[in-house]
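J.: Please see the structure below; I have some questions.
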Amino acid sequence: MTESSSIQAAGPPFSVAQFKALIFDLDGTLYRQEPVRRAMAWRIVRAHLWHPIQGFSTVRVLQAYRRAQETLRLTGVSGDPVAQQIRVAARDCKLGESEVQLCVARWSDRAMDLLSPALRPGLVELLRFAREKGMLLGVLSDYPAEAKLSAMGLRNYFDVVVSASDPEVQCFKPCPRGLEIILRRLGLDKHEALYIGDRPQVDGATAAAVGVRCAILASSQKKQGTWWEISGFDELRNAFRVP
């Protein structure tokens, strides 16, 4: 028996009949990050063939920007988390904040067309199935989410979209505020929603902080926790079909 099939055979560790909503993490959950990052790396190389030093600087900025979020995730933020992320990345790269912001915005825009081809298998079928069952759908993201969802052709599926930079949130996961806001906007209690992510230490911790059940997409990084590890979205959809 393969590892994937053993996961499927285990089934959820809780009843799915209680859930009236599915709430998703975005990056790494709705789409696979690896092919997007590979394609972006190739685009950066091609764009800087005759300016390798500038290309190296671009890579440094983007990597520093991602690291800055993980730093702030641990230390906490006060005020606009995106502005602070830019500030930390600029400090690490010894560049001006406006320069870092321009680089991040430029290359984020150039990644948008890569998201749809990287959608996780079974995602659209799951969203349609949830809609047919009358379930509510939400997204909680540490990055601005609206443009990405539109680029993936998914925005119309979701009732609520919340990001770390929203005025009511102003924090990165595993701070529970964003998830609490989604529940309030959907008008649901914590036991009525299932939160789905790809990082146990971030998404699993966020759900645990609120007391929401959680499903984590299986990865090579095995961690023990109270979440339900799923092999993919087809497994999740099939679980809701079981009487």
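The values are calculated or read from the model by the stated rules, or taken from the named source; none is laboratory data. These figures come from a predicted structure and were not determined experimentally. Cβ sites come from the backbone with ideal geometry, for glycine too, and all protein chains shown count toward neighbours.
J.: Pull up segment 1-20, narrow it to residues that are farther than 17 Å from VAL212 by Cα and outside any loop (DSSP other than H, G, I, E, B), then point me to the one that is modelled with the highest pLDDT.
T.: ALA10
J.: Would a scan of segment 94-106 turn up a residue that is in contact with a Phe, Trp or Tyr (Cβ under 9 Å, 6 or more places away or on another chain), closer than 22 Å to LEU149 by Cβ, in the same structural domain as ILE44 (by TED's automatic domain parsing) and not small (Gly, Ala, Ser)?
T.: Looking through segment 94-106, at least one residue is in contact with a Phe, Trp or Tyr (Cβ under 9 Å, 6 or more places away or on another chain), closer than 22 Å to LEU149 by Cβ, in the same structural domain as ILE44 (by TED's automatic domain parsing) and not small (Gly, Ala, Ser).
J.: Among the residues of segment 96-120, which ones are touching a Lys or Arg at 6+ places or on another chain (Cβ under 9 Å) and assigned to a loop (DSSP other than H, G, I, E, B)?
T.: ARG110, ALA111, ARG120
J.: Determine the pairs where a residue that is without any contact (Cβ under 8 Å) to a residue 60 or more places away in the chain, located within segment 190-204, has a partner that is of a type in the set (Val, Ile, Thr) and surrounded by fewer than 22 Cβ atoms within 10 Å (Cβ to Cβ) with Cβ atoms under 6 Å apart, the partner being 6 or more residues away or on another chain.
T.: Going by the 6 Å Cβ cut-off, the qualifying pairs are LYS190/VAL210.
J.: May I ask you to say which residue of SER78, SER98 is more than 26 Å from PRO174 (Cβ to Cβ), among the small types (Gly, Ala, Ser) and surrounded by fewer than 19 Cβ atoms within 10 Å (Cβ to Cβ)?
T.: SER98
J.: Identify, please: which residue in segment 79-95 is in a loop (DSSP other than H, G, I, E, B) and touching a residue at least 60 places away in the same chain (Cβ under 8 Å) and is, among those, farthest from ILE44 (Cα to Cα)? Can you show your working first?
T.: Narrowing segment 79-95 to residues in a loop (DSSP other than H, G, I, E, B): 79-80, 94-95.
Right, trim to touching a residue at least 60 places away in the same chain (Cβ under 8 Å) and you get 79-80.
On the way: GLY79: 32, ASP80: 28 Å.
Step by step, filter segment 79-95, then rank; the result is GLY79.
J.: Could you list all residues from segment 149-181 that are under 18 Å from ARG120 (Cα atoms) and out of contact with any Phe, Trp or Tyr (no Cβ under 9 Å at 6 or more places or on another chain)?
T.: Within segment 149-181, SER150, ALA151, GLY153, LEU154, ARG155, ASN156, TYR157 qualify.
J.: Could you pull out the residue among VAL169, VAL139 that is β-branched (Val, Ile, Thr) and assigned to a loop (DSSP other than H, G, I, E, B)?
T.: Result: VAL169 is the single residue among VAL169, VAL139 that is β-branched (Val, Ile, Thr) and assigned to a loop (DSSP other than H, G, I, E, B).
J.: Looking at (1) assigned to a helix (DSSP H, G or I); (2) at pLDDT 90 or above, which one does ILE23 not meet, given that it meets all the others?
T.: (1)
J.: Quick test of your reading of the structure: TYR195 fulfils all but one of (1) surrounded by fewer than 19 Cβ atoms within 10 Å (Cβ to Cβ); (2) among the hydroxyl-bearing types (Ser, Thr, Tyr); (3) in contact with a Cys (Cβ under 9 Å, 6 or more places away or on another chain). Name the failing condition by number.
T.: Unmet for TYR195, out of (1) surrounded by fewer than 19 Cβ atoms within 10 Å (Cβ to Cβ); (2) among the hydroxyl-bearing types (Ser, Thr, Tyr); (3) in contact with a Cys (Cβ under 9 Å, 6 or more places away or on another chain): (1).
J.: Conditions first: (1) surrounded by fewer than 16 Cβ atoms within 10 Å (Cβ to Cβ); (2) at pLDDT 95 or above; (3) over 13 Å from ALA111 (Cβ atoms); (4) basic (Lys, Arg). ARG66 passes all but one, so which condition is the exception?
T.: (3)
J.: Let me ask something else about it. Quickly run through segment 48-58 and pick out the residues that are part of a helix (DSSP H, G or I) and loosely packed, with under 15 Cβ neighbours inside 10 Å. Explain how you work it out, then say what you get.
T.: Step one: filter segment 48-58 for residues part of a helix (DSSP H, G or I), giving 52-58.
Correct list: PRO52, ILE53, GLN54, PHE56.
J.: Here's something else I'd like to know. From (1) hydrophobic (A, V, I, L, M, F, W, C); (2) surrounded by 17 or more Cβ atoms within 10 Å (Cβ to Cβ); (3) in contact (Cβ under 8 Å) with a residue 24 or more places away in the chain; (4) assigned to a helix (DSSP H, G or I), pick out the condition that doesn't hold for ALA39.
T.: (2)
J.: Just give me the residues in segment 183-202 being within 18 Å of the chain's Cα centre (by Cα) and under 16 Å from VAL161 (Cα atoms), in sequence order. Break it down stepwise before answering.
T.: Kept after step one, since they are within 18 Å of the chain's Cα centre (by Cα), are these residues of segment 183-202: 183, 193-202.
Residues satisfying the conditions are LEU183, ALA193, LEU194, TYR195, ILE196, GLY197.
J.: Right, another one. Can you pull out the residues in segment 202-237 that are exposed (fewer than 15 other Cβ atoms within 10 Å of the Cβ), of a type outside the set (Ser, Thr, Tyr) and either at pLDDT below 95 or not assigned by TED's automatic domain parsing to the domain that holds ASP27 (or both)? Please lay out each step first, then the result.
T.: Going through segment 202-237, the residues exposed (fewer than 15 other Cβ atoms within 10 Å of the Cβ) turn out to be 211, 219-226.
This time we only want the ones that are of a type outside the set (Ser, Thr, Tyr), so: 211, 221-225.
Hits for segment 202-237 are GLN221, LYS222, LYS223, GLN224, GLY225.
J.: Considering only segment 191-217, state which residues are assigned to a strand (DSSP E or B) and either in contact with a His (Cβ under 7 Å, 6 or more places away or on another chain) or charged (D, E, K, R) (or both).
T.: Residue satisfying the conditions is ARG213 alone.
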